[in-house]
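The values are calculated or read from the model by the stated rules, or taken from the named source; none is laboratory data. All figures in this text were calculated on a predicted structure; none of them were measured in a lab. Positions of Cβ are backbone-derived with ideal geometry, glycine not excepted, and every protein chain shown enters the neighbour counts.
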Amino acid sequence: MSYFVTGGTGFIGRFLIDRLLEREGTVYVLVRKASVPRLDALRARWGEDARRVVAVVGDLGKPRLGLAPAQVAKLKGQVRHFFHLAAVYDLAADAESQEKANIEGTRGAVALAEAIQAGCFHHVSSIAAAGLYDGVFREDMFEEAEELDHPYFRTKHESEGVVRRECRRPWRIYRPAIVVGHSKTGEIDKIDGPYYFFKLIQKLRKALPQWMPTVGIEGGRINIVPVDFVVDAMDHIAHRKGLDGGCFHLTDPEPRRIGEILNLFAKAAHAPQMTMRLNAKMFGFIPDFVIDSAMSLAPVRRIQKQLLADLGIPKEMFKFVNYPTRFDNRDCAKALKGSGIAVPPLEEYAWRLWDYWERHLDPDLFIDRSLAGKVKGKVAVITGGTSGIGEATAYRLAEAGAQVVVAARDPEKAAPVMARIKAAGGKGRFVSCDLADLADCDRLVATVLKEFGRCDFLVNNAGRSIRRGIASSFDRFHDFERTMQLNYFGSLRLIMGFLPAMMKQNRGHVINVSSIGVLTQAPRFSAYVASKAALDSFTGCAASEFSDNNIAFTTINMPLVRTPMIAPTKLYNHVPTLTPEQAADLVVEAIVYKPVRIATRLGVFGALLHAVAPKATQIILNTAFRMFPDSGAAQGRKEAGREVELSPEQVAFAQFTQGIHW
């Protein structure tokens, strides 16, 4: 007894071949010439039995599947069972490819089965052949299918019609439900069906504790079956006598509603449960013209597109939210009676599906999160690159293969930095620039664009910080002018200078090293915080304007870092700080992930306190203001170099508010 299988290298096909090899005979597998290596790769799966798997080179889109007359003659009378599985199983595929594969491919398979005089033609259809039939669809129903407008539904229905009308060999039709991974191993080869919602569940798990109740949706009953049930049932029914001309629903007789299914997977993922579920049918009361009007708005369409892209959910999946069809499977159940083959309860194997997806199919696993993958061969301009955060960042980017442009004032300080970059095999260029001088900023932009032709990453790191209370600054207005000139206008000049080139190349990333003080509004830093806040606000506006130009903006609200800038303040020798290398890690995170903002939890908490309890927050900050006085230098006394001893109370407060500048 021999078998012929189309789609044998596909998901269901490889499991079906597992079963067929448990019987006697040869298994002929139709493959395109380019897919022969794919079949060869599966031979290890079948071990010694792989010798009984024979590749037949053909093409689903050609008459008689593209087999030459000699091939047809060789197979004639040899095949007892012809299994036709090859098709497009993708709701998002274009109509033309689905028509070619599903309809014409089935027609070619039927013609080949006739030419080789196959004993029985087994057609793997789908419950999609019923369309969106409202009610119970029986196994003896076909013409009654409704709402076949979608190409996937229509082509599945038409391909089954080809078998019913044109196949002159004995035939049997199988309509599997939505097929998920193996119930014992979780194995599956692609994201489909309920898997599209796994990323949403994963994001909820990361954002919320497991015990927190959430709001979800409720809808129609979704029929899900594991692949091992499908192939076991097909193998058993195919080899039973007296079932020719039958159609068999390989479905779960007790399908679950979509909300229940999502909760089962949420439980498997240790994610929050959707305790309150809104029935999607309630949205049916909203007039179509209201929905159409809302979706006609460009911002709504773009937000929907972005959200679905982030979650990896195709729009077509929402057709199943209110899925109206139930499937009677009494003929299948009758054929399987006594075999022990049945659909296992989803709760028994949902965890295996989740585990396999998270280990093997999670899209995040295939994203290049290496720094080299983002910056290799790219041009990165780093201001303040001869010391502290900028220097550490320059080394990291150069090691990752970026062409680093180090911008700073002092060529002497730049020499050892550039030597280290060169010694490590990196590519670097130093450009002397005083960022407080707008003309120098313009020269920096012109130099970079002339020599490199572009700027892929701009890291605005150079800055000036002044720790002085306002009462000590009444006669020092220039402090505010100097910090604003460098921290805001200098950075802004570079951004404005490089943006036209970024727009032209339709990509770019601006990273601004800001301060935790902007979020916490730390006292004694009014000049510094105000200048950084101005840059933060500009960045927020710019990000909204250039989001469709593929230009990203990231603000890093950096906590206190041990750099030369803070060295004169001896108080900081006794408080928690980041190293420049740790700060550079945050810049790397910004480059790799492109977040809108990077901030410590303490910084975010500080901003939240200002929003919900401003008076209480002012009292806390005033306490810190009085606890940590101005330095002697800030007060005009000549004792700037003297070490400062902190009281136990000051040490405790500094430890409690780690990273905030006091």
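General remarks:
- Yes/no for Arg443 being closer than 28 Å to Leu560 by Cβ, assigned by TED's automatic domain parsing to the domain that holds Gly508 and either surrounded by 15 or more Cβ atoms within 10 Å (Cβ to Cβ) or of a type outside the set (A, V, I, L, M) (or both): no
- Within region 103-110, not a single residue is more than 23 Å from Ala129 (Cβ to Cβ) and polar (S, T, N, Q).
- Candidates Ala101, Ala95, Ala109, Ala87: the one that is farther than 21 Å from Lys190 by Cβ, hydrophobic (A, V, I, L, M, F, W, C) and assigned by TED's automatic domain parsing to the domain that holds Pro170 is Ala109.
- Apart from one condition, Ala101 fits all of (1) crowded, with 19+ Cβ neighbours inside 10 Å; (2) small (Gly, Ala, Ser); (3) at pLDDT 95 or above; the exception is (3).
- Which numbered condition Ile313 misses (of (1) assigned to a loop (DSSP other than H, G, I, E, B); (2) under 25 Å from Asp362 (Cβ atoms); (3) at pLDDT 90 or above): (3)
- Evaluation of Glu187 against the conditions (1) touching a Gly at 6+ places or on another chain (Cβ under 6 Å); (2) assigned by TED's automatic domain parsing to the domain that holds Phe83 shows that the sole unmet condition is (2).
- Check on Asn506, surrounded by fewer than 22 Cβ atoms within 10 Å (Cβ to Cβ), without any contact (Cβ under 8 Å) to a residue 60 or more places away in the chain and at positive phi: yes
- Test: residue in region 11-18 that is buried (at least 16 other Cβ atoms within 10 Å of the Cβ) and without any contact (Cβ under 8 Å) to a residue 40 or more places away in the chain: yes
- Among the residues making up region 112-144, a single one is in a strand (DSSP E or B), in contact with a Ser or Thr (Cβ under 8 Å, 6 or more places away or on another chain) and under 28 Å from Gly8 (Cβ atoms): His123.
- From the list Arg80, Arg14, the one residue that fits, being among the charged types (D, E, K, R) and under 28 Å from Tyr195 (Cα atoms), is Arg14.
- Listed by position, the strands (runs of 3 or more DSSP E) inside region 320-432 whose residues that are more than 30 Å from Val179 (Cα to Cα) number at least 3 are 379-383, 403-408, 427-432.
- Note on region 19-50: residues that are surrounded by fewer than 20 Cβ atoms within 10 Å (Cβ to Cβ) and either of a type in the set (S, T, N, Q) or touching a Gly at 6+ places or on another chain (Cβ under 6 Å) (or both) amount to 2.
- Filter pass, Val54 being under 26 Å from Asp189 (Cα atoms) and either assigned to a strand (DSSP E or B) or free of Cβ contacts under 8 Å to residues at least 12 places away in the same chain (or both): yes
- Among residues of region 418-434 being out of contact with any strand residue (DSSP E or B) (no Cβ under 6 Å at 6 or more places or on another chain) and under 25 Å from Asn487 (Cβ atoms), the one that is surrounded by the most Cβ atoms within 10 Å (Cβ to Cβ) is Asp434.
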